[in-house]
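Data block below; observations after.
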Amino acid sequence: MNNLKDKLYAKIQEHRPRTAKLLEEHGDTIIDHVTVAQVIGGMRGIKSLVTDISYLDPLEGIRYRGFTLPEVLEKLPKPEGADMPYVEGLYYLLLTGEMPTKEEVKYLMVDFKNRRFIPRYVWDVIDAFPSNSHPMAILSAAVMSLERESHFNTSYKKGMSKMDYWSCTYEDATNLLAKMPLIGAYIYNKLYHPEKGHRYPDPSLDLGGNFAYMMGKDKPYDDVARMYFIIHADHESGNVSAHTGHLVASSLSDVYYATSAMINGLAGPLHGLANQEVLRWLQGLREQMNGEIPSDEEMKKYVWETLNSGQVIPGYGHAVLRKTDPRYTVQREFCLKHMPDDELFKYVDALYKVVPDILQEHGKAKNPWPNVDAQSGVVQWHYGVTQYDFYTVLFSIGRSFGVLSNIIWDRALGYSLERPKSITTEMLEEMVKAKN
Ligand code: CMX
């Protein structure tokens, strides 16, 4: 018996009438209005997507299925001796809205193990990339190459009922999630430690533990991996990676196409790549300081120089959040416990003291507070993952859990092909004239 899939099916059956009722009885009810600034400005804030998997409150931060991040980290079952929970348990929570028991997670761990075989041709695709390629490009191509494994495609060609779309999508999504950490670790070893070669997973370990093992990292890197994948998993549906995954899947492209596309969206410096930008930017300061910790005045000068040269301060600001990102706080607490004397952590902490005031004085950013990316590279650097190009691969593995959970539910609830309307600038000018 597949405990998670059965539970999910029951939840889907329970939920379907709610969506049907909203459409049938309230389809014409207006819930938002749209301004010119929103249309020109990246559709910021327009309520036009539905997801029950996570919700982002501007002041409180993210909740997964109603739970804050500290609650998720406290309540999900953990491996023996670990501080951070099983990532497999998070998948259960995102899909069903329920905290799994340890037994349920153990069952899922076995299921993940059975799904993680990677066909030889995927390694060949990765190996074919020159070693100076960006790891995000390699990851995207590796995921794309797996597309021929899609159960959804095979069943669709045979003629599948719409009511069953979610089931094949669940199979594809879970297969891909089980493989993602292996692909990530293989890319890391190929690019940065070719002398060590690929390490095959240890069957006794959970997903986070195995990722650390395949990366060649000792404890507590297993907890770093678990924390990292969990806090990056979802940030409701409008951000570039989540939205891209949803959009591509809305055409009934399978999860391999959709995940590869979401990885490409995450690879931009205004989104997931910001974590590598933070490290690159901090290294610039470190070089100027010859290893000394900068004073507040020196830090302020560096921040202003960056702003005055027309660049953004990476790791600060957010399209929705209006306070310090709880994902930043979770990582900060980890740093305080495990690496309080780390030099780069001190830089990050020193930045926290000066950047918000400067951004407020600068007067542009709506949110002067740090986001998840301000802290995450520092943790990786401390544990020897100093190749900052790789950080967004880690973000991608985590984000896949949220994006794929959403796509399964999109299919279960029969969400439509996405197709907003565009208009010309002339039409917009005419509409504005008519209103004034
Ligand atoms: N440093 C300097 N200027 C900033 C800024 C920052 N950290 N954050 C925002 N601004 C500027 C914007 O560039 C914009 O300037 P213009 O009017 O000249 O275009 C202005 O402030 C208003 O922007 P906003 O409404 O506050 O922010 P947006 O919703 O447009 O953008 C984000 C959000 C994250 C892209 C932006 O804050 C940014 O560029 N931050 C730095 C990059 C970063 O950390 N990205 C990671 C975000 C988290 C993630 O998705 O991974």
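The values are calculated or read from the model by the stated rules, or taken from the named source; none is laboratory data. A quick note: this is a predicted structure, and the numbers were derived from the prediction, not measured. With ideal geometry, Cβ positions are generated from the backbone for all residues, glycine too; neighbour counts draw on all protein chains shown.
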Filter the range 275-328 down to the residues that are of a type in the set (S, T, N, Q), within 12 Å of the ligand (Cβ to nearest atom) and in a loop (DSSP other than H, G, I, E, B), then identify the one that is nearest to the chain's Cα centre (by Cα). 311
Taking the range 183-206 and keeping only residues that are among the aliphatic types (A, V, I, L, M) and closer than 15 Å to residue 395 by Cα, one is left with 183, 185, 187
Restricting the range 195-210 to residues that are assigned to a helix (DSSP H, G or I) and touching a residue at least 60 places away in the same chain (Cβ under 8 Å), the one farthest from residue 402 (Cα to Cα) turns out to be 209
Tell me whether the range 414-427 contains one or more residues that are away from the ligand (no atom under 15 Å from the Cβ), at pLDDT 95 or above and either buried (at least 19 other Cβ atoms within 10 Å of the Cβ) or within 30 Å of residue 207 (Cβ to Cβ) (or both). yes
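Quick check on the range 393-402. Is at least one of its residues of a type in the set (Lys, Arg) and more than 23 Å from the chain's Cα centre (by Cα)?
Our first condition is that a residue be of a type in the set (Lys, Arg); within the range 393-402, this holds for 399.
If we keep only those that are more than 23 Å from the chain's Cα centre (by Cα) as well, we get none.
The answer is no, given that none of the residues of the range 393-402 is of a type in the set (Lys, Arg) and more than 23 Å from the chain's Cα centre (by Cα).
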For the range 393-410, indicate whether the set of residues that are among the aromatic types (Phe, Trp, Tyr), out of contact with any Cys (no Cβ under 7 Å at 6 or more places or on another chain) and at pLDDT below 95 is non-empty. no
Exactly one of (1) within 19 Å of residue 330 (Cα to Cα); (2) surrounded by 13 or more Cβ atoms within 10 Å (Cβ to Cβ) is unmet by residue 393. Its number? (1)
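Condition check ((1) closer than 30 Å to residue 329 by Cβ; (2) assigned to a loop (DSSP other than H, G, I, E, B)) across all residues:
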| position | (1), (2) |
| --- | --- |
| 28 | no, yes |
| 31 | no, yes |
| 34 | no, yes |
| 38 | yes, no |
| 44 | yes, yes |
| 51 | yes, yes |
Are there any pairs, at least 6 apart or on different chains, whose C-beta atoms fall under 9 Å, with the first in the range 1-25 and of a type in the set (Gly, Ala, Ser) and the second modelled with pLDDT of 95 or more and part of a helix (DSSP H, G or I), and if so, which? 10/96
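Table: residues versus (1) surrounded by fewer than 19 Cβ atoms within 10 Å (Cβ to Cβ); (2) touching a helix residue (DSSP H, G or I) at 6+ places or on another chain (Cβ under 7 Å); (3) within 18 Å of residue 143 (Cβ to Cβ); (4) among the acidic types (Asp, Glu).
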site	(1), (2), (3), (4)
198	yes, yes, yes, no
206	no, yes, no, yes
219	yes, no, no, no
235	no, yes, no, no
241	no, yes, yes, no
255	no, yes, yes, no
261	no, yes, yes, no
275	no, yes, no, no
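Return the residues of the range 259-274 that are within 13 Å of the ligand (Cβ to nearest atom), assigned to a helix (DSSP H, G or I) and at pLDDT 90 or above; say none if nothing qualifies.
Of the residues in the range 259-274, the ones within 13 Å of the ligand (Cβ to nearest atom) are 262, 265-274.
Okay, now just the ones that are also assigned to a helix (DSSP H, G or I), so 262, 265-266, 274.
Within the range 259-274, 262, 265, 266 meet the criteria.
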Restricting the first residue to the range 337-363 and requiring it to be more than 22 Å from residue 380 (Cα to Cα), which pairs with a second residue that is of a type in the set (Phe, Trp, Tyr) and in a helix (DSSP H, G or I) meet a Cβ separation below 9 Å and a spacing of at least six or different chains? 358/304; 362/304
The range 360-386, subset among the hydroxyl-bearing types (Ser, Thr, Tyr) and more than 14 Å from the ligand (Cβ to nearest atom), residue farthest from residue 188 (Cα to Cα): 383
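Okay, residues lined up against (1) closer than 15 Å to residue 395 by Cα; (2) more than 16 Å from the ligand (Cβ to nearest atom):
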| position | (1), (2) |
| --- | --- |
| 215 | no, yes |
| 226 | yes, yes |
| 241 | yes, no |
| 248 | no, yes |
| 257 | no, yes |
